[in-house]
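Here is the structure we will look at.
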Amino acid sequence: MKYRASAFCRILGLLFLLAGFSAGARGQNAAFKGSGFDAAAGDAFGLALVAGEDFALVGEPRSNIRPGTVYVFHADGATGTWTEAGRLTAADGEVGDRFGEEMALHGDLALIGAPIRDHQAGAAYLFLRDAQTGAWTEQAKLAGSAVVPSDQFGRAVALEDDLAVIGAPFADTLKGVVYLFRRDPGTGAWLEEATLTPDDAQPSDRFGYGVAVEGDLVLVGAPRQAGGEGAAYVFRRDAAGAWLQEGKLVGGGGLFGWSVALAAGEAVVGAPSSGGTGEARVFR
């Protein structure tokens, strides 16, 4: 294992930026009470969030009266003030779906998980932002071909270019499965390309609890592997288009693989229970 600071620092910088925005959004909660902002106690506003250049999406997935909502905030370029600019909901949403529990963003395309949808089978939705108007429209709903109730498809999501990576960590006796979808360049339809499982899958691994993508690499966390020691698996797409397991990362326990990230060829893997305080490990 080699440690390098560059990608890790970029990821930490993003986390601090998002934490700062989240704090600002919470501060706006009171200001928005009279203008339609109605996140309530227990709704988990801010549980997931992603940010673009001048906008941010903030999930509120755990409402008892809604399927879940994603709030859109826009930054005024002149004043730097963030204001609510809209809300995203699934066209077929039902109360308790937990829409907005996980989110990923690539350019003007957002991927939003609803892992409790349809008796916890789960679903994921793609929304596209109009760069001119800032309006978001639902483009597609994704569901894995073998997903059944309790799989929680959409518990983890990642997105890059025309590839969507979606974890279903409770599938197959909690072993977990990851689904890959790719957008057809001709029709624009999102088609299931592959499913990923590790070579040494065991019941209760929760493979797919964390996912990340960069180019032809996919990183998948399995935090309950080996009784909670945890692991993260690296998959690479070969020249023929097949996805093959390339490696397995281990970090000494602590639910290693609970969260994962990829940047510039470096992998960052979270182990939130390690040493009682948690840690993140960097691999290259």
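The values are calculated or read from the model by the stated rules, or taken from the named source; none is laboratory data. Owing to the predicted nature of the structure, the values given are computational and were not obtained by experimental measurement. Don't worry about glycine lacking a Cβ; one is built from the backbone with ideal geometry, like all the others, and counts go over all protein chains shown. Side chains are part of the model used for accessible areas, which takes the heavy atoms of the whole protein and leaves out ligands, DNA and RNA. Shrake-Rupley method; radii C 1.70, N 1.55, O 1.52, S 1.80 Å.
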With Val95, Val148 as the choices, which residue is under 20 Å from Leu191 (Cα atoms) and open to solvent by 70 Å² or more (accessible area, probe 1.4 Å)? Val148
Counting just the residues of the stretch 212-225 that are over 14 Å from Lys248 (Cα atoms) and touching a strand residue (DSSP E or B) at 6+ places or on another chain (Cβ under 6 Å), which one comes out most open to solvent (accessible area, probe 1.4 Å)? Asp216
In the stretch 64-92, the residues that are in contact with a Ser or Thr (Cβ under 7 Å, 6 or more places away or on another chain), open to solvent by less than 60 Å² (accessible area, probe 1.4 Å) and assigned to a loop (DSSP other than H, G, I, E, B): Pro67
Considering residues of the stretch 198-239 that are of a type in the set (A, V, I, L, M, F, W, C) and in a loop (DSSP other than H, G, I, E, B) only, the residue nearest to Glu101 (Cα to Cα): Phe207
Considering Gly24, Gly20, Gly34, which residue is touching a Phe, Trp or Tyr at 6+ places or on another chain (Cβ under 9 Å), modelled with pLDDT under 90, assigned to a helix (DSSP H, G or I) and not basic (Lys, Arg)? Gly24
By residue number, the members of the stretch 143-171 that are of a type in the set (A, V, I, L, M, F, W, C) and closer than 18 Å to Pro61 by Cα are Phe153, Ala156, Val157, Ala158, Ile166, Ala168
Mind counting the residues in the stretch 112-134 that are at negative phi, out of contact with any helix residue (DSSP H, G or I) (no Cβ under 7 Å at 6 or more places or on another chain), modelled with pLDDT of 95 or more and not charged (D, E, K, R)? 11
Quick check on my filter: what residues within the stretch 215-239 are farther than 15 Å from Gln202 by Cα and free of Cβ contacts under 8 Å to residues at least 24 places away in the same chain? Asp216, Arg236, Arg237, Asp238, Ala239
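Can you name the residue in the stretch 160-173 that is touching a residue at least 40 places away in the same chain (Cβ under 8 Å) and in contact with a Lys or Arg (Cβ under 6 Å, 6 or more places away or on another chain) and, of all such residues, is farthest from Ala232 (Cα to Cα)? Break it down stepwise before answering.
Keep residues of the stretch 160-173 that are touching a residue at least 40 places away in the same chain (Cβ under 8 Å), which gives 160-161, 163-170.
Now restrict to residues that are in contact with a Lys or Arg (Cβ under 6 Å, 6 or more places away or on another chain): 163, 167, 169.
Working: Leu163: 20, Gly167: 13, Pro169: 13 Å.
This residue is Leu163.
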Considering each residue of the stretch 259-284, count those that are surrounded by 15 or more Cβ atoms within 10 Å (Cβ to Cβ) and either outside any strand (DSSP E or B) or touching a residue at least 40 places away in the same chain (Cβ under 8 Å) (or both), and give that number. 18
Members of the stretch 152-197 found to be open to solvent by 10 Å² or more (accessible area, probe 1.4 Å), assigned to a loop (DSSP other than H, G, I, E, B) and not hydroxyl-bearing (Ser, Thr, Tyr), listed by number: Gln152, Arg155, Asp161, Asp162, Phe170, Lys175, Asp184, Pro185, Gly186, Gly188, Ala189
Take the conditions over 19 Å from Gly257 (Cα atoms), touching a Ser or Thr at 6+ places or on another chain (Cβ under 9 Å) and at pLDDT 95 or above and apply them to Leu109. Does it pass? no
I need a count of the residues in the stretch 128-152 that are out of contact with any Phe, Trp or Tyr (no Cβ under 7 Å at 6 or more places or on another chain), free of Cβ contacts under 8 Å to residues at least 40 places away in the same chain and over 29 Å from Glu84 (Cβ atoms). 2
Taking interchain pairs and intrachain pairs at least six residues apart, which have beta carbon atoms under 8 angstrom, with the first residue in the stretch 240-258 and farther than 12 Å from Leu217 by Cα and part of a loop (DSSP other than H, G, I, E, B) and the second open to solvent by less than 40 Å² (accessible area, probe 1.4 Å) and aromatic (Phe, Trp, Tyr)? Val250/Phe256
